[in-house]
Amino acid sequence: MSPFAALAAALRLEAVRLRTVRSTAVLLVAAVAAGAAGAAALCALDQRTDLGRGGLLDALTGGSASGLSVVGALAALAGALVVAADARHGAERSALVVVPRRGALLAARVLVVTAWSAVLAVTALVAAAVLVLLWPGQELVAQAPRPVVLALPLLGYAAVVVLQGLAGMALASLLRSAVVAVAAVVAWPLVAEPVLGLVVPRSGWGAVVDQLLPAAAASRLVAVPPVAAGPAWAVGTVVAGAALAAAVGALVLAVAARGARGDA
């Protein structure tokens, strides 16, 4: 079987699996609920205090610029559940009979989890946008920066959700537990990174490293650019995104290396 034929067959397997598990519909509904709930909370808060120019972005993304993302956690769960289903039903062995290439199976899984995580992110964004537009008396839209300014953080939000989905998938493969994998994705910005921030010095190289840690990089990608932002802000955002992608990519490569050792 050629590499392209193997990848096509693996993609069909992963797509069928995604369509047939009950968690797919549940996660889609949960993404709608999370997007709407986050927007409702921010709209209600805006009526009590001025959220400023970043209020609309916070409402659309559920405040993900803080480093926490409910939809990102759902994407991590989606990626982890794909792996858990294999472990529970022994589907990996059956897949290897149909597609005897671990690399093609992993590549297909990465592509499907990427697409599925992107769907969850866009679904949550649409639900949040609809609720903001229907919310009576909110001023978020009037105070927001131009759409072209919001476009990049919204793309950054979608990218962060996708990377969290891939992190959930990779960690579940490495740790052999969907629960532990999702807990790790959620606990990193809440516990691990703040503790690292206490250890890393705040000046010199430590300040640079602190900004490139995963949660800090994710926050940068979803943040509204300052009013006077110039090329330096754009470069810093690209570097932060590259650092986050590299961290998740390292996890996926570890999964690939583990599979290669299993074949050896």
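Descriptive notes on the structure:
- Identification of helices (runs of 4 or more DSSP H) wholly contained in the range 143-255 with 2 or more residues that are closer than 23 Å to Trp116 by Cα yields 147-175, 178-187, 214-221.
- Taken over the range 132-142, the criterion of being part of a helix (DSSP H, G or I) and open to solvent by less than 40 Å² (accessible area, probe 1.4 Å) is satisfied by Val132, Leu140.
- Residue that is farthest from Val141 (Cα to Cα), among those in the range 6-23 that are touching a helix residue (DSSP H, G or I) at 6+ places or on another chain (Cβ under 9 Å) and without any contact (Cβ under 8 Å) to a residue 24 or more places away in the chain: Ala8
- Qualifying residue in the range 112-128 (condition: over 18 Å from Leu77 (Cβ atoms), open to solvent by 30 Å² or more (accessible area, probe 1.4 Å) and among the polar types (S, T, N, Q)): no
- Any hit, the range 162-173, residues being open to solvent by 70 Å² or more (accessible area, probe 1.4 Å) and either under 18 Å from Leu244 (Cα atoms) or touching a strand residue (DSSP E or B) at 6+ places or on another chain (Cβ under 7 Å) (or both): no
- A Cβ distance below 9 Å, combined with a sequence gap of six or more or placement on separate chains, defines the contacts here; from the range 116-143, residues that are free of Cβ contacts under 8 Å to residues at least 40 places away in the same chain reach residues that are open to solvent by 70 Å² or more (accessible area, probe 1.4 Å) in the pairs Leu133/Val141.
- Scanning the range 211-254 for residues that are modelled with pLDDT of 90 or more, open to solvent by less than 60 Å² (accessible area, probe 1.4 Å) and over 15 Å from the mean Cα position of the chain (by Cα) yields Ala250, Ala254.
- The number of residues in the range 1-47 being among the aliphatic types (A, V, I, L, M), within 19 Å of Leu81 (Cα to Cα), modelled with pLDDT under 90 and open to solvent by 30 Å² or more (accessible area, probe 1.4 Å) comes to 7.
- All positions within the range 146-155 that are open to solvent by less than 20 Å² (accessible area, probe 1.4 Å) and not hydrophobic (A, V, I, L, M, F, W, C): Pro153
- Within the range 57-104, considering residues that are more than 20 Å from the chain's Cα centre (by Cα) and open to solvent by less than 20 Å² (accessible area, probe 1.4 Å), the one modelled with the lowest pLDDT: Ala95
The values are calculated or read from the model by the stated rules, or taken from the named source; none is laboratory data. Owing to the predicted nature of the structure, the values given are computational and were not obtained by experimental measurement. Every residue, glycine as well, gets a Cβ built from its backbone with ideal geometry; the counts of neighbours run over all protein chains shown. SASA here: full protein model, heavy atoms, side chains in, ligands and nucleic acids out. Shrake-Rupley method; radii C 1.70, N 1.55, O 1.52, S 1.80 Å.
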